[in-house]
Amino acid sequence: MLRVDLNQQGVLPMLKHLVFFKFKETTGPADIERLTEGLGKLPARIELIREFVFGRDIIHSDRSYDFALVSMFDDLEAMQAYQVHPDHQRVVAHVKEICSSVIAVDFEC
């Protein structure tokens, strides 16, 4: 996805933010539901988010993580502002309780 720069008539890259979650063995359905509900509220509360999708892994291979999030922002500054937003920080606190591993990749596209 690219943004059109209306002033310069060019195309600007956007920032894609991917996060993969590995749940602890003790993580239960209620924990995952709370995560899903928390994430689901973020796009309405954080206007910087341009695209936001997430869900559980359906393959369950040895190399799979349990849950993934893909989001898109106008630029690095917008993503960094999202990172420190209080609503995002509440979700992060829950993630720290229920996940044994979290990895992220951020790139322009």
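Here is a yes/no grid of residues against (1) touching a Leu at 6+ places or on another chain (Cβ under 8 Å); (2) at pLDDT below 95; (3) over 22 Å from Ile103 (Cβ atoms); (4) not acidic (Asp, Glu):
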site	(1), (2), (3), (4)
Val4	yes, yes, yes, yes
Asn7	no, yes, yes, yes
Gly10	no, yes, yes, yes
Glu25	no, no, no, no
Glu33	no, no, yes, no
Ile46	no, no, no, yes
Ile59	no, no, no, yes
Tyr65	no, no, no, yes
Val70	yes, no, no, yes
## Note on the structure
Quick count over region 14-30, residues being over 27 Å from Asp75 (Cα atoms) and buried (at least 17 other Cβ atoms within 10 Å of the Cβ), is 2
#### Entry: Residues of region 62-109 classified as exposed (fewer than 12 other Cβ atoms within 10 Å of the Cβ) and acidic (Asp, Glu), total
3
### Task
Could you give me the residue pairs with C-beta distances under 7 Å whose first residue belongs to region 40-67 and is under 23 Å from Lys22 (Cβ atoms), whose second residue is basic (Lys, Arg) and not in a helix (DSSP H, G or I) wherever it lies, and which are 6+ apart or on separate chains?
Tyr65/Lys22; Asp66/Lys22; Asp66/Arg56; Phe67/Arg56
### Message
Is it the case, given these coordinates, that Glu47 is over 13 Å from Asp74 (Cα atoms), surrounded by fewer than 18 Cβ atoms within 10 Å (Cβ to Cβ) and among the acidic types (Asp, Glu)?
### Response
no
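The values are calculated or read from the model by the stated rules, or taken from the named source; none is laboratory data. What you are looking at is a predicted structure, and each value in this text was computed from that prediction instead of being measured. No Cβ is skipped: glycine too gets one built from the backbone with ideal geometry, and neighbour counts run over all protein chains shown.
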